[in-house]
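The next block holds one structure in the form of structure tokens; read it before the comments.
The values are calculated or read from the model by the stated rules, or taken from the named source; none is laboratory data. The model shown is predicted, which means the values in this text are computed figures rather than measured ones. Neighbour counts run over all protein chains shown; Cβ positions are idealised from the backbone, glycine included.
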Amino acid sequence: MAQTSAQKKGVGSVIWEYLTTVDHKKIAILYLIAGGFFFVLGGIEAMLIRIQLAVPNNDFLSAGLFNEVITMHGTTMIFLAAMPLLFAFMNATVPLQIGARDVAFPFLNSLGVWLFIFGGIFLNLSWFMGGAPDAGWTSYASLSIASPGHGIDFYALGLQISGAGTLISGINFVTTIITMRAPGMTYMRMPLMTWTTLVASVLIVFAFPPLTIGIFLLMFDRMFGSNFFLVEAGGNTIIWEHLFWIFGHPEVYILILPAFGIFSEIFATFARKRLFGYSAMVFATVLIGFYGFMVWAHHMFTVGLGPVANAIFAVATMAIAVPTGIKIFNWIATIWGGSIEFTTPMLYALAFIPSFTMGGVTGIMQAAAPADYQYHDSYFIVAHFHYVIVGGVVFALLAGLHYYWPLMFATMLNEKLGKITFWLFFFGFHLTFLIQHFLGLWGMPRRVFTYLDGQGYNAANMISTAGAFLMAVAVIVLVVNIIMTIAKNERVGMDPWGDGRTLEWSLPLPVPYYNFAQIPLIRGLDPYWVEKKEGNGKMLPSESLTDFHMPNNSILPVVMSLGLFIAAFGAMFFPDGKDWAIDAVSGLDPKPWALPVLIIGLGTTFVAMGIRSWKDDLGYYVKKEEVEKDLEELERGGK
Amino acid sequence: MAELNQEHMTKAQKEYLRKERTREMRQQLVSFGLMIFLTFIAFGLAALEVIPAQFTIPIVIGFAFIQVILQFYYFMHMKDRGHQFAKLFMLTGFYFALAFIVAFIYIVWIGAPVN
């Protein structure tokens, strides 16, 4: 429970603390570690792809293995790296930015992270258990039903488990932001990071159910003998494409909106100016979120929806450029005339504007449906979405890592190494992906494991691979930086960047487990800045110093997630050798233990849910005396 | 966790609260009665076949729509204050669901009918 003194704790108790924690700051660290691990894993897969494609007729990877690697690269990067890393920063910042002591449902927060971790582990176990999924990250049903073995089952079950975690976290953030803002923190005073988190969480709430349904249908087809996507039995594989993209397009906004939020904070902080056009930024964020649901079929222009459907979705897609453009111009206007400080996060933010805009422009090119017939399934598409996802989301993750590192760990990452990482990554990124636009226009299809000599692709692919190695070196420098920073452990004090504007920087570092001794009173946009300029630089309290309530730790989220993890193995091996099963698995050896494993796994989860439901857990009170002692210590340490 | 505030109410406040609750109860009962009545009519129309089927279908769908609104607004408290976000979410959800259904009917099952 309460660990305020600097006592040394055993390794076991630290691990137990993290397994059972419901503290949003520790859950943020869990998301960061797990997401970082999967980011490196996805990066290694990317390197394998680029090594294979460096020279024509290469046999570094076989064709089948290449399919598995590209599928796992995409799936890992989207679901297991980018989203969890964004959740890490959301968890680390949002409750602090709105002046809350924790999220609305701390237990669910913990459940969300453990479902994601177990889902991610399950998906990656496929490498050791007979082959990874190989139908692309979109897993179109015509491919995924035919894919032999259990690869696709790992995809379906792994994403179902981690997707449930994401949905839970989304609901949690919506509730937290709506109900737990400090007095004076009106909607139009919320920092952009909080706003984008709110909109992204709303998108999660609306977008994940279609994915869940789609994956359930796929699971039923592959594991329990239904016929949703089996064309010979009257099914329709196009339904999967629609369900996937009804989820898939909002998904990319779920990724990019928090990235916009991180950059908005960084621009305002390091230009030392209020964010330009705050209300327009909020409006644009909400509008992008809304449009995100109306454009899914632009991923399916070549399916044959007909000219009218294509035209409607093309126009809707182009409309998204308007709010996004508003944002780009507002960021430029924010740095315009500001007193700019070129820190590592600011470098990423400045590089983000042109990089992301280039990705946006190619997006508008593809929105023109007739032109898209030319770009479709070529490297032009690969270049486009890497420009928006790497140039937007990954830049934001790296920027956020440097920017929020002191908030999460009370130390500073080395600026010099950070800048080396930035320049290597920036050049590597453009070297890798700029040339891929041209590769696509020259006719190189995506998702091919090799190409012939003499087609004019050799030099461009070699350049692309060289860029990928630069990015790999950049990540290695970053890892060295992190290890050095942790080893040195030089603590920093309050407001380490010196120009913090929002509420989270007004807290002592490391942030006490209860966040705020007294919930602060918010007097304007950028509340900490307001107090610096108009007050004495300290937040005013909105309540007297009293006992307050905090939630208890619990191991149940881990047990629930573990139960689903076990059940997934049962479900996966259930159809093996059954005569009603699809061809992909009906020839495998029957596994009579599959059904008991499924029942045991689900039983574990339900028992844990029952315990949670019927056993009251009322939490505990933090005593006023303890908080007073902490404040005194802080006063002495600060002098 | 918020402590329960057990402050004493004045007589006027108590009376106001009682009046509010009476009004709430009356609304609940009226909407409940209305919904049963609508269900009976819909059932009767379908069972007795007094009017042709092509009229019965839109009428029944119309009654269903009214019932949904009564349900959400009176039984699930969407009419009350402090439910703006719930309302926004439900309406957005309805809108998206409707868009998806229309899209599915027209471009998946019927297949490009506007060619």
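Values as computed for the structure displayed
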item	result
Hey, residue A:314 in contact with a His (Cβ under 8 Å, 6 or more places away or on another chain) and either more than 13 Å from chain B (Cβ to nearest Cβ) or farther than 27 Å from residue A:418 by Cα (or both) or not	yes
Top-ranked residue of the stretch A:228-279 - restricted to ones that are part of a loop (DSSP other than H, G, I, E, B), more than 14 Å from every other protein chain (Cβ to nearest Cβ) and not small (Gly, Ala, Ser), ranked as surrounded by the most Cβ atoms within 10 Å (Cβ to Cβ)	A:275
Qualifying residue in the stretch A:362-369 (condition: within 14 Å of chain B (Cβ to nearest Cβ) and under 28 Å from residue B:101 (Cα atoms))	yes
So residue A:215, is it within 13 Å of chain B (Cβ to nearest Cβ), of a type in the set (A, V, I, L, M) and on the phi < 0 side of the Ramachandran plot	no
Any hit, the stretch A:479-491, residues being more than 24 Å from the chain's Cα centre (by Cα) and assigned to a loop (DSSP other than H, G, I, E, B)	yes
Filter result (among the hydrophobic types (A, V, I, L, M, F, W, C), in a loop (DSSP other than H, G, I, E, B) and surrounded by 19 or more Cβ atoms within 10 Å (Cβ to Cβ)) within the stretch A:512-565	A:516, A:517, A:519, A:522, A:525, A:539
Hits in the stretch A:480-519 - residues which are free of Cβ contacts under 8 Å to residues at least 24 places away in the same chain and among the hydrophobic types (A, V, I, L, M, F, W, C)	A:483, A:487
Lone unmet requirement of (1) modelled with pLDDT of 85 or more; (2) aliphatic (A, V, I, L, M); (3) in contact with a Lys or Arg (Cβ under 7 Å, 6 or more places away or on another chain) for residue B:78	(1)
Which listed residue is out of contact with any strand residue (DSSP E or B) (no Cβ under 7 Å at 6 or more places or on another chain), within 14 Å of chain B (Cβ to nearest Cβ), among the hydrophobic types (A, V, I, L, M, F, W, C) and without any contact (Cβ under 8 Å) to a residue 40 or more places away in the chain, from A:308, A:303, A:295, A:286	A:308
Members of the stretch A:86-139 that are among the aromatic types (Phe, Trp, Tyr) and surrounded by 20 or more Cβ atoms within 10 Å (Cβ to Cβ)	A:87, A:89, A:114, A:116, A:118, A:122
Filtered residue count, the stretch B:81-104, keeping only those that are more than 9 Å from chain A (Cβ to nearest Cβ), more than 14 Å from the chain's Cα centre (by Cα) and in a helix (DSSP H, G or I)	6
Residue within the stretch A:399-419 that is surrounded by fewer than 23 Cβ atoms within 10 Å (Cβ to Cβ), free of Cβ contacts under 8 Å to residues at least 40 places away in the same chain and either at negative phi or not in a helix (DSSP H, G or I) (or both) present	yes
Unmet criterion (only one of (1) of a type in the set (Gly, Ala, Ser); (2) within 11 Å of another protein chain (Cβ to nearest Cβ); (3) under 14 Å from the mean Cα position of the chain (by Cα)) for residue B:31	(2)
Qualifying residue in the stretch A:143-158 (condition: in contact (Cβ under 8 Å) with a residue 40 or more places away in the chain and either within 23 Å of residue A:259 (Cβ to Cβ) or in contact with a strand residue (DSSP E or B) (Cβ under 7 Å, 6 or more places away or on another chain) (or both))	no
Single residue of A:384, A:376, A:437 found to be under 25 Å from residue A:264 (Cβ atoms) and either in contact with a His (Cβ under 7 Å, 6 or more places away or on another chain) or not basic (Lys, Arg) (or both)	A:384
Where a residue in the stretch A:559-570 is within 18 Å of residue A:610 (Cα to Cα) and its partner, wherever it lies, is in a helix (DSSP H, G or I) and basic (Lys, Arg), with Cβ under 6 Å and at least six apart	none
Lone unmet requirement of (1) touching a residue at least 40 places away in the same chain (Cβ under 8 Å); (2) of a type outside the set (A, V, I, L, M, F, W, C); (3) over 30 Å from residue A:498 (Cβ atoms) for residue A:542	(3)
Subset of the stretch A:470-493 (residues that are exposed (fewer than 15 other Cβ atoms within 10 Å of the Cβ), of a type in the set (Gly, Ala, Ser) and more than 20 Å from residue A:511 (Cβ to Cβ))	A:487
Sole exception among (1) under 23 Å from residue A:299 (Cβ atoms); (2) part of a helix (DSSP H, G or I) for residue A:138, by number	(2)
Any hit, the stretch A:239-253, residues being closer than 26 Å to residue A:501 by Cβ, of a type in the set (A, V, I, L, M, F, W, C) and touching a residue at least 24 places away in the same chain (Cβ under 8 Å)	no
Odd one out for residue A:602, checked against (1) part of a helix (DSSP H, G or I); (2) touching a helix residue (DSSP H, G or I) at 6+ places or on another chain (Cβ under 6 Å); (3) farther than 23 Å from residue A:115 by Cβ	(3)
Qualifying residue in the stretch A:362-379 (condition: touching an Asp or Glu at 6+ places or on another chain (Cβ under 9 Å), crowded, with 21+ Cβ neighbours inside 10 Å and more than 22 Å from residue A:94 (Cα to Cα))	yes
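Residue-by-condition table, conditions (1) more than 14 Å from chain B (Cβ to nearest Cβ); (2) under 27 Å from residue A:542 (Cα atoms); (3) not in a helix (DSSP H, G or I):
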position	(1), (2), (3)
A:165	yes, no, no
A:170	no, no, no
A:178	no, yes, no
A:188	yes, yes, no
A:199	no, no, no
A:204	no, no, no
A:211	no, no, no
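Table: residues versus (1) exposed (fewer than 12 other Cβ atoms within 10 Å of the Cβ); (2) under 24 Å from residue A:174 (Cβ atoms); (3) modelled with pLDDT under 90.
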residue: B:24; (1), (2), (3): no, no, yes
residue: B:36; (1), (2), (3): yes, no, no
residue: B:41; (1), (2), (3): no, no, no
residue: B:52; (1), (2), (3): yes, no, yes
residue: B:63; (1), (2), (3): no, no, no
